[in-house]
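Note sheet for the following structure.
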Amino acid sequence: MAPEKLCSAACHHAFNTTRTAEISIALRSFSTATARREQEQSHSTTEHNAPGPAPRVAIIGSGPAGFYAARKLMREVHGTKIDMYERLPTPYGLVRYGVAPDHPEVKNCQDEFNQVAQSPDYTFVGNVELGRDLPLPILAKHYHAIVFSYGASKDKEIGLEGEDKPHIYSARAFVGWYNGLPEYRNLKPDLQAGESAIVVGQGNVAMDVARILLSSVEALQKTDLTSYAIETLKTSRVKHVHVVGRRGPMQAAFTIKEVRELIHLPGVNFSPIPHHLFPPNSKSLERPKRRLMELLQKGKPHDPQATKSWSLDFLLAPTHLDWEPNDPNTLRGVTFTRTALSDPSSPSSPVSNTPETTTIPTSTLLRSIGYKAEAIPGMDRLGATFDARAGTLQHDGTGRILMLDTPAPAHASPHAHAQGDAALYCAGWVKRGPTGVIANTMTDAFQTAEAIISDWKRASLNSASTLHHPKRGWPGVKTQAAAEGHRLEKVVSWDGWHRIDEKEKRAGAMKGKPREKYGRVEDMVEAAAAGGGGHVH
């Protein structure tokens, strides 16, 4: 899937101007942090550390962005305590629920995340949905900094009439379904309606969807693809997949690895791409793009024994859904407007519609045109500015969240917020949008962590910072939540996650696969609690 491509390498290794007022806001938690170190934080420091206490940081989201930010903070500021909040009982985000099952090597970065979680300064707070189970403003009172690093949970729609009808699915839902994401456990896609499927979008997620639809069930059974997905794919009638984009080969978002895998998929033919769609002189292109164009032009020799096929259909924009005349809920095709590029050789060429249209018969449509994050209820009460259209938090370019103009109470320090004094930061997709691969997320998370470290150093060296308040982190949050009537009995700890992990692996081994994922939250919670010790204290 899109976030995975450089993960193996990664695991082994807005605005550009910040105004004074915005820096002050970001510094506020560290300016008011405790002056005395807790005993467990008093061991030797590194050259990265500045005088003063180490911060308590809440990280919201346990995917790559959260773990990479935690890793850098804990390595460079000894004694930093991290509490990582996750709405599911299981960690890793898209590494668990987004990476394609037939790309197990990409999940190796979990080993590095496990090392972070082994620290006594790390606490996993799973199965807690902020804004529903726990009011977000409570966190601001018990941390020096909060890092929002959750992913994109909302799909972008094409905007066609009838898009919510049967046989039309979002790629996010489909990927979540076969990967065991509880939200989509009951999606039950109908893959018996016909022999043709259309995927609108030409990114790496679209490539993953097409590959799963076309791969042999025998190969998929050896992966951690869910058993219920395997049973559905066994009866699939889909034999051809159109992967459709509104631009051309030079502008497509997929990477060479994904295309190569699909082209060389056993028993699957690849439809040739018309030569006029390629640049006249591909040798003048930069190496990555040149290699991609050469691969697409070369294609694959036709295999008369192949029973399935796929095509890359360029310069098509969907405009209308066609339904069976006698059954308005049965899809029979999608009508597209043909598009034109101003400069076909430019990766950023503008595209426009032409009067010409074409209809591709199909019984199944999957949209893969992007995602976006949603605001957590209560975020505005902390003063954070969320751009609902872009699905991102507004920040200074490095991860410091730009704050709303909210007056502070009279008794507060000059930079304290009315709802608490935690500084707010963001990392990952909620910071930059759902783009890039895991290596980009790592770099992005490190940038945010560096902003936190810089702010902490400044505040620690600020002689005017005379108001020092210790932060209790999760124990303080839990105490306040209980006092206010918020019940959090089923919070899953890291030990609880290990119990889930062990049971999934045992169940998978019995079927000759890496694991058999739990598809329901209640089953995960039960597995985590079995034998006791699976809850966070």
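What follows is calculated from the coordinates using simple rules that are stated; it is not laboratory data. Every value quoted in this text rests on a predicted model; they were computed, and no experiment measured them. Cβ coordinates were reconstructed from backbone atoms using ideal geometry, including for glycine residues, and neighbour counts include every protein chain displayed.
Partner lysines whose Cα lies under 21 Å from the Cα of Lys107, excluding those fewer than 8 positions away in the same chain, are identified as Lys5, Lys72, Lys222, Lys257, Lys503, Lys505, Lys511, Lys513, Lys517.
From most to least packed by mean Cβ count within 10 Å, the peptides 80-88, 347-355, 251-259 give 80-88, 251-259, 347-355. Here the label points at Ser284 and Lys257, each 7 Å from Cα along the C-beta direction, are separated by 3.1 nm in the simple model.
Phi angles of the range 346-352 translate, via the Karplus equation with coefficients 6.51, -1.76, 1.60 and θ = phi - 60°, into HN-Hα couplings of 9, x, 10, 4, x, 10, 9 Hz per residue; Gly and Pro are given as x. If the chain linking Ser346 and His264 were pulled fully straight, counting 0.36 nm for each residue of separation and taking away their Cα-Cα distance, it would gain 26.8 nm. Which of rounded, prolate or oblate describes the range 57-206 when judged by the alpha-carbon gyration tensor and an a/c cut-off of 1.5? Prolate, since a/c reaches 1.5 and a/b exceeds b/c. Neighbours of Val525 by Cβ distance under 12 Å: Lys/Arg scored +1, Asp/Glu scored -1, total -1. Every pair of different Cα atoms in the range 252-319 enters the Kirkwood calculation, which places the hydrodynamic radius at 13.1 Å. A crude spin-label estimate for the pair Gln192 and Thr307, with each label 7 Å from Cα along the Cβ direction, gives 1.7 nm.
Computed over the range 275-367, the Cα gyration tensor eigenvalues convert (square root of 5λ each) into semi-axes of 31, 21, 10 Å, ordered from largest to smallest. When each of the peptides 68-76, 55-63, 278-286 is scored by how many other beta carbons lie within 10 Å of its residues on average, the order from highest to lowest is 55-63, 68-76, 278-286. Taking amide H positions as modeled 1.01 Å from N, with prolines and chain starts lacking one, the residues under 5 Å from Thr319 and 5 or more places away or on another chain are Thr335, Phe336, Thr337. Here the extension length gained between Glu356 and Arg237 equals 39.8 nm, from 0.36 nm per residue of separation less the Cα-Cα distance.
When each of the peptides 421-433, 487-499 is scored by the mean number of other C-beta atoms lying within 10 Å of its residues, the order from highest to lowest reads 421-433, 487-499.
Both numbers refer to the Cα atoms of the range 207-347; Rg and Dmax are 17.2, 54 Å. For Gly428, the amide hydrogen comes within under 5 Å of the amide hydrogens of Ala445, counting only partners 5 or more places away or on other chains and with H modelled in the peptide plane.
Converting phi to 3J(HN,Hα) with the Karplus coefficients 6.51, -1.76 and 1.60 and the offset θ = phi - 60°, the range 97-105 yields 10, x, 5, 4, x, 8, 10, x, 5 Hz in sequence order, with x at every glycine or proline.
Extents of the range 70-116, taken as max minus min of Cα coordinates on every principal axis and listed largest first, are 38, 23, 11 Å. Here the label points at Glu161 and Gln115, each 7 Å from Cα along the C-beta direction, are separated by 5.8 nm in the simple model.
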